[in-house]
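The values are calculated or read from the model by the stated rules, or taken from the named source; none is laboratory data. Worth saying up front: this structure is predicted, and the values here are computed from it rather than measured. So basically every Cβ, Gly included, is an ideal-geometry build from the backbone, and we count neighbours across all protein chains shown. Just the protein is used for accessible areas: all its heavy atoms, side chains included, with ligands, DNA and RNA removed. Shrake-Rupley method; radii C 1.70, N 1.55, O 1.52, S 1.80 Å.
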Amino acid sequence: EKIIAEKNPKLSGSERKEIAKIIGIGAVKYADLSQYRMTDYIFSWDKLLALHGNTAPYLQNAYVRIRSIFRKAGPSRTGVSKIDEVKLAEPTELALAKRLCQFAEVVPQVLNDFRTNILANYLFELANSFHAFYEACPVLKAEEPARSSRLALCNLTGQVLQRGLKLLGIEVPERM
C-alpha cells in the first residue's frame with residue numbers, strides 16, 4: 001500500500017487498500033505458480049513485489065498501462081471491435097501479434113502437463129513483447145489506420161493478460 005501511495009498519491013485510501021490486496025495476493029500466488037512444481041525457490045518480498053522482472057506486479061502493470069491507454073483514448077475507444085484489419089508494419093507490432101497467437105497453444109499444454117509455470121512464462125514474455133511494442137510504437141499519437149490497429153493490439157493484449165492471470169487465480173486492477 002505504501003508503494004502504491006508513492007506511485008499514485010491521487011488514489012483514495014479505500015482504492016489504495018483494494019489495489020494493494022489484489023497486487024499482494026497476486027504476487028504471492030504468481031511467485032508460487034511461476035516456478036516448476038518440482039523445484040525449490042527462495043521466498044523474497046522484494047522479488048515478489050518488484051515492478052520489473054517475472055512477477056505478478058509486472059504483469060498487472062502491463063494490464064494497467066493498457067487500460068490507461070484506453071482511458072486517454074476516450075470513452076468511444078474503450079473496446080476496439082470495429083477494426084477490419086490489423087496492420088503490422090513495425091517489427092515490435094509483428095512480434096506482439098505472434099506472441100498473442102501463441103496463447104491458444106499454451107493453455108492446453110498447461111492443462112495437459114499440470115505446469116502453471118508454462119502459462120506464467122508465456123504471460124511474462126507477452127508483457128515483455130507489449131512493453132517493447134509500447135516503447136517503439138506510439139499508440140494514441142499515431143495516424144490512422146496505424147492508431148486503430150495499435151489500439152486493437154493493445155486491447156487484445158489486455159484481454160489475454162487478464163484471462164491468463166485469471167487462469168492462475170490472479171486478479172488485475174484497473175489502476176495502480
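Working note: 222 nm ellipticity from helices only, DSSP H runs with n ≥ 4, each -39,500 (n - 2.57), summed and divided by the residues of the chain, gives -21000 deg cm²/dmol to the nearest 500.
Across the chain, Cα pairs under 8 Å and at least six residues apart give a relative contact order of 34 percent. Name the most mobile residue of Ile22, Ile42, Ile118, meaning the one with the largest mean-square fluctuation, in a Gaussian network model of the chain with Cα contacts below 10 Å. Highest fluctuation of the listed residues: Ile42.
Taking 0.36 nm per residue of sequence separation and subtracting the Cα-Cα distance, how much length would be gained by fully extending the chain between Glu174 and Leu94, in nm to one decimal? Could you put the intermediate results ahead of the total?
Working: separation 80, 0.36 × 80 = 28.80 nm, distance 2.62 nm.
Here the segment from Glu174 to Leu94 would lengthen by 26.2 nm.
Multiply the residue separation of Ser12 and Asp46 by 0.36 nm, subtract the distance between their alpha-carbon atoms, and state the gained length in nm to one decimal. Walk me through the numbers on the way to the answer.
On the way: separation 34, 0.36 × 34 = 12.24 nm, distance 2.47 nm.
Extra length available between Ser12 and Asp46 comes to 9.8 nm.
In what sequence, highest mean first, do 10-18, 65-73, 145-153 appear when ranked by Cβ atoms within 10 angstrom? The partial results should precede the final answer.
On the way: 10-18: 12.7, 65-73: 16.4, 145-153: 20.3.
Averaged packing, sorted descending, gives the order 145-153, 65-73, 10-18.
Within the straight-line cut-off of under 17 Å between alpha carbons, the aspartates and glutamates reachable from Lys141 are Glu90, Glu93, sequence neighbours fewer than 8 places apart in one chain being disregarded. Using the 1.4 Å probe convention, the accessible area of region 98-172 works out to 50 Å² per residue with neighbouring protein chains retained.
Hey, any idea what % of the chain's accessible area is carbon plus sulfur with a 1.4 Å probe?
Reported share for carbon and sulfur atoms: 53 percent.
Note on the chain: with a GNM built from Cα contacts shorter than 10 Å, the maximum mean-square fluctuation among Cys154, Cys101, Cys137 falls on Cys101. Among the listed values (1) 27, 22, 13; (2) 32, 20, 11; (3) 29, 16, 14, the one matching semi-axes √(5λ) of the Cα gyration tensor in Å as calculated from this structure is (1).
Couplings for region 140-151, taken from phi via the Karplus curve 6.51 cos²θ - 1.76 cosθ + 1.60 with θ = phi - 60°, read 6, 8, 6, 7, 5, x, 4, 4, 5, 5, 5, 5 Hz in order; Gly and Pro are left as x.
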